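The values are calculated or read from the model by the stated rules, or taken from the named source; none is laboratory data. As the structure is a computational prediction, the values presented were derived from the model and not from experiment. Cβ coordinates were reconstructed from backbone atoms using ideal geometry, including for glycine residues, and neighbour counts include every protein chain displayed. Please note that ligands, DNA and RNA were not included when accessible areas were found on the heavy atoms of the full protein model with its side chains. Shrake-Rupley method; radii C 1.70, N 1.55, O 1.52, S 1.80 Å.
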Amino acid sequence: MTSTLSASSAWPESPFVSPPMSENSPDSDDRSSLSDLSDISAAVTDAVDDERRSLTSVTSPTNAAATSVQNVNPSPNSVTLPVDSSTPNVLYLSFNQDYGCFAAGTDRGFRIYNCDPLREIFRRDFTGNSNGGGGIGVVQMLFRCNILALVGGGPEPQYPLNKVMIWDDHQSRCIGELSFRSEVKSVRLRRDRIVVVLAQKIFVYNFSDLKLLHQIETVANPKGLCEVSQVSGSMVLVCPGLQKGQVRVEHYASKRTKFVMAHDSRIVCFALTNDGRLLATSSSKGTLVRIYNTLDGSLVQEVRRGADRAEIYSLAFSPTAQWLAVSSDKGTVHVFNLKVDSAALGVDRPRGASESNAASPSAGSHLSFIRGVLPKYFSSEWSVAQFRLQEGLQHIVAFGHQKNTVVILGMDGSFYRCQYDAATGGEMTLLEHHSFLKSEENF
């Protein structure tokens, strides 16, 4: 669906209707095709049900559900090969939806880890099999269950770059696939949806049967930027809009589309709270991060990473949206204190219902009393805590399950757990540092 609403336009008068497109829709330049769907509905349903029923922590596999990630055992036909003692190259890193696990795509396959404590749960090495070269360029977990989305990558990809493979690790095989005419840039998963991001188009599918529900056109999106909320019953999707610096927000419960002019320059990173109420964005300048209310598109806070340009690698909200973490090529992870109460922002209501923005007023620095006299730089809100890393190396960040901690993952296989002082701020304390590519006994 293409919309021509400007950033300042009101909500469209006509109700949002998902276009009745199928995988053979004639107006789709990147038509998808499906195959091998005989098992996917049952596998996804069983995996999600088992994951929901399993209240056992990933650190206690004894009582874990049979199809949960932490208790997966390869079948006799598993593609897993004897462990290669050499270190693979990391092609992709991502946390799962609750930040309790993370996945690494390598030039040999993929690996799944528990964050706290750090532990390799399992790995699948494809190198040497007849299907491909082993490289996995995208791997997305579905919380802690056995269903994953895979896309080939690296110099010798395991799968074509234009296909999303639905992998069931309980069966150690792919149970479905989505094929496109162009390269898949990223994938996002919910328990009920799978979202596939191409360079200028996004497809939303029903997870149980891979039925196409919606497609969205975007500006050029080489990084595959897209995020979805994780609260059951309603879905919020954010992606680039149709022009530079614009973000598109889809509220599926109320069937609303909102465009936000977030920055003057190209957007390179954004994050969404799990309830979909707050959106953090950063542009190619990398100096400012802006936080928006997704319901009305209003700017609720702006924080400053620094004065010089930087490439922002990742943004992450804490579970309560009290804190925001930022990593960049400058080698510093910043933690900002947010002055916005996510719960007070209201809920996604049907069209015609009143909307309120009860956002708390944002606080500036100690120079804010002369805002408007000195340049904006001097009244900026700066980070309260920092942690120094190797400059230029790509890292992603998330908040840990322990109080006031962040987990940092590097593309070189580095794992950091740090703690910040919520009261005094300053330099974070390093709690642990490991190379997650090494064998488990080294942790």
Keeping every protein chain in place, order Arg193, Arg309 by accessible area at 1.4 Å, biggest value first, i.e. largest first. Arg309, Arg193
Given the Cα-Cα distance of Leu213 and Ala307 and 0.36 nm per residue of separation, how much length would full extension add, in nm? 29.6 nm
Testing the spin-label approximation: label points 7 Å from Cα along Cα→Cβ at Gln390 and Glu427. State their distance in nm. 2.0 nm
Which FRET efficiency value, to the nearest 0.05, is calculated for Lys339 and Ser265 with the Förster distance at 30 angstrom and r the Cβ-Cβ distance? 0.75
Straight-line reach from Lys258: which lysines have Cα under 18 Å away, leaving out those fewer than 8 places along the same chain? Lys201, Lys244
Please say if region 138-244 is rounded, prolate or oblate, where rounded means a/c under 1.5 for a ≥ b ≥ c the square roots of the C-alpha gyration tensor eigenvalues, and otherwise the choice is prolate for a/b larger than b/c and oblate otherwise? oblate
25 Å Cα-Cα threshold exceeded, pairs from Lys163/Lys255; Lys223/Lys339; Lys163/Lys211: Lys163/Lys255; Lys223/Lys339
Of the accessible area of region 133-263, with the probe set at 1.4 angstrom, what percent is carbon plus sulfur? 49 percent
Just the number please: accessible area per residue for region 102-249, 1.4 Å probe, all protein chains included, in Å². 28 Å²
